[in-house]
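Worksheet for the structure shown next.
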Amino acid sequence: MLISKNMDNAIRVLLVRKKLTVRNLAKEANISLGIASKIANMLKKTGYVTFKRGQGIYVTNWVRLLKAWSYTSSLKELETMEFIAAERPQYLIKKIASIAQKNNLQYAFTLLSATELIAPYVSPNETHLYILEPEKKKWELALRKENIFPAERGNVICFLVDEARLYGSFNIRGINIISFPQLYADLFSVGGRLEESAEELLKIIKESDENV
């Protein structure tokens, strides 16, 4: 990661919320009020946000901030757990969502597993999702019960993260996907055809949100 964890968390919150007070930024990003204020001033100097005391923080160039943030980290840096399953990805997405709900586990799909639910560009041949690192043993037990087994090289790839990474996740038809900013960054970090998918996703975001 090219930026600090605090900065990463703060930018993720700003990209999801777009406008909020410094106090709310500190709360949502799980950082101190002083650090939130310092980050807001740094981003103001680079032209990504406007920030005045008493008026809060407003992201003035959302796309520019998103693209700059996308260069700072990569999925390849994250620890993973892999599993093997017989079902096709389209079915596995629903099955894993059901397993998570049944076992009260947190998750969010990313990469093509997420775009499959928004607007499919390329059909996934693997299933990618975020899970919380402290819940990895619970996930392994829950998946084993449903005939999804650990593997050195599987077709279900779980990225182990903390709760901050899941900020802004939302539900589509009973299935959790990662926030739009995080999904864009993930697709971009993989590159190739997935980078093309990231740009297609950005078009959808622009069309659906006049503040972008």
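The values are calculated or read from the model by the stated rules, or taken from the named source; none is laboratory data. Predicted model only: the values in this text are computed from it and were never measured. Reconstructed Cβ throughout: ideal geometry from the backbone, glycine too, with neighbour counts over all protein chains shown.
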Could you please give the count of residues in region 25-56 that are closer than 20 Å to S4 by Cα and part of a strand (DSSP E or B)?
-> 1
So N147, is it part of a loop (DSSP other than H, G, I, E, B) and farther than 20 Å from L194 by Cα = yes
Could you give me the residue pairs with C-beta distances under 6 Å whose first residue belongs to region 96-110 and is in the same structural domain as F170 (by TED's automatic domain parsing), whose second residue is part of a loop (DSSP other than H, G, I, E, B) wherever it lies, and which are 6+ apart or on separate chains?
-> I99/E146; A108/S169; A108/I178; T110/I178
Could you list, in sequence order, the residues of region 142-178 that are acidic (D, E) and over 22 Å from A86 (Cα atoms)?
-> D162, E163
Output the number of residues of region 82-129 satisfying the condition of being buried (at least 18 other Cβ atoms within 10 Å of the Cβ) and assigned to a strand (DSSP E or B).
-> 7
What are the residue pairs meeting all of these: first residue in region 149-160, first residue among the basic types (K, R), second residue assigned to a strand (DSSP E or B), Cβ atoms under 8 Å, and 6 or more apart or on different chains?
-> R153/E82
